[in-house]
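Participant: Starting off with a structure, shown below.
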C-alpha cells in the first residue's frame with residue numbers, strides 16, 4: 001500500500017523518477033517484515049509453537 005501511495009504521489013507531482021514509489025515499497029517491505037517477526041515472536045511466547053504435533057504416540061518416536 002505505501003508503494004502505491006508513493007506512485008500516486010509521483011504521478012500527481014509529475015516526477016520523472018518514481019522516488020516516492022521506491023521509498024514506499026521499501027518502507028512497506030521493512031514494516032511488513034517487522035510485523036511478521038513480531039507475530040512469530042508472539043506465537044513462540046504463547047507456547048503454541050512448542051506444542052508437539054497431534055496424533056503421534058510415544059511409541060511412534062522410537
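Participant: Note the full-extension length gain between residue 26 and residue 38 as 0.36 nm times their separation in residues minus their Cα-Cα distance, in nm to one decimal.
Facilitator: Here the segment from residue 26 to residue 38 would lengthen by 2.5 nm.
Participant: Find the relative contact order for segment 2-46 and round it to a whole percent, using C-alpha pairs within less than 8 Å whose residues are 6+ positions apart.
Facilitator: Rounded, it is 36 percent for segment 2-46.
Participant: Gain in length, residue 18 to residue 5, computed as 0.36 nm per residue apart minus the alpha-carbon separation, to one decimal in nm?
Facilitator: Here the segment from residue 18 to residue 5 would lengthen by 3.6 nm.
Participant: Follow-up. Once the Cα gyration tensor of segment 2-46 is found, what semi-axes does its equivalent ellipsoid get, as square roots of 5 times the eigenvalues, in whole Å, sorted largest first?
Facilitator: In descending order, the three semi-axes are 32, 7, 4 Å.
Participant: May I ask you to order 32-39, 3-10, 14-21 by the average number of other C-beta atoms within 10 Å around their residues, highest value first?
Facilitator: My ranking of the peptides, most packed first, is 3-10, 14-21, 32-39.
Since every read-out is calculated from the coordinates, none of them should be taken as a lab result. What you see is a predicted model, and the numbers here were worked out from it, not measured in a lab. Virtual Cβ from ideal backbone geometry, glycine too; neighbours counted across all protein chains shown.
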